Amino acid sequence: MIRLALGKYAISRSGRDVSETIRTQADIELGRLVSSMATVHYLAWAIPAIGFLGTVRGLATSLTLGGDTKKDILPFIKEATGHLNVAFDCTLIALALSLVVMFLLHSVQRDEEAMVLDCQQYCLEHLVGRLYDLEPDRQAASGEATSATY
């Protein structure tokens with residue numbers, strides 16, 4: 001960011017242009033961070049979806065078990081209850097993992113965004129604050145003085 005800002009100042013000799021370059025570069029870096037985290041966001045979203053798929057599969061399995069006679073009802077209920085336990089455990093585990101992953105994801109994203117903002121603030125405080133624009137009268141006077149000496 002500093003290198004780009006100094007390059008802009010070398011070309012334009014304008015503090016406003018340098019400040020705008022720093023803001024633009026910070027926006028670009030924030031956009032780059034968002035796009036680099038897109039896959040991780042998708043995976044964090046997919047965890048509960050996979051848990052819900054496990055729940056649906058467990059529910060479907062428990063409902064497809066069949067007992068034709070009254071003698072088979074007790075083993076049927078026991079097996080169906082076992083499938084339902086697995087189904088709801090899938091959802092519980094997926095939601096718990098999702099909470100942990102989303103917390104970690106937001107922590108990393110917050111820290112990365114804070115780093116970009118800190119860089120921007122540092123550049124504005126320590127670089128742009130020390131640059132100055134030549135006044136038009138001084139530029140003309142210095143141009144005349146240098147042309148008169150040659």
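Brief remarks on what is shown
- Per-selection Kirkwood Rh - segment 1-122 (Cα, Å, 1 d.p.): 18.7
- More than 14 angstrom apart: percent of Cα pairs within segment 10-82: 77
- Extension reserve of the Ile77-Ile50 stretch, reckoned as 0.36 nm per residue once the Cα distance is removed: 7.1 nm
- Using a Förster distance of 30 Å, the FRET efficiency for Val101-Ile2 (Cβ separation, nearest 0.05): 0.30
- Shape category assigned to segment 43-115 from the gyration tensor of Cα positions, a/c cut at 1.5: prolate
- Accessible area in the full protein assembly, largest first, 1.4 Å probe, for Thr24, Thr39, Thr55: Thr39, Thr24, Thr55
- Projected label distance in nm at Met115 and Glu20, using a 7 Å step from Cα toward the beta-carbon: 2.9
The values are calculated or read from the model by the stated rules, or taken from the named source; none is laboratory data. No experiment lies behind these values; they were computed from the predicted model shown. When we count neighbours, we look across all protein chains shown, and the Cβ atoms used for this are built from the backbone with ideal geometry, even at glycine. Only protein heavy atoms, including side chains, enter the accessible area calculation; ligands, DNA and RNA are left aside. Shrake-Rupley method; radii C 1.70, N 1.55, O 1.52, S 1.80 Å.
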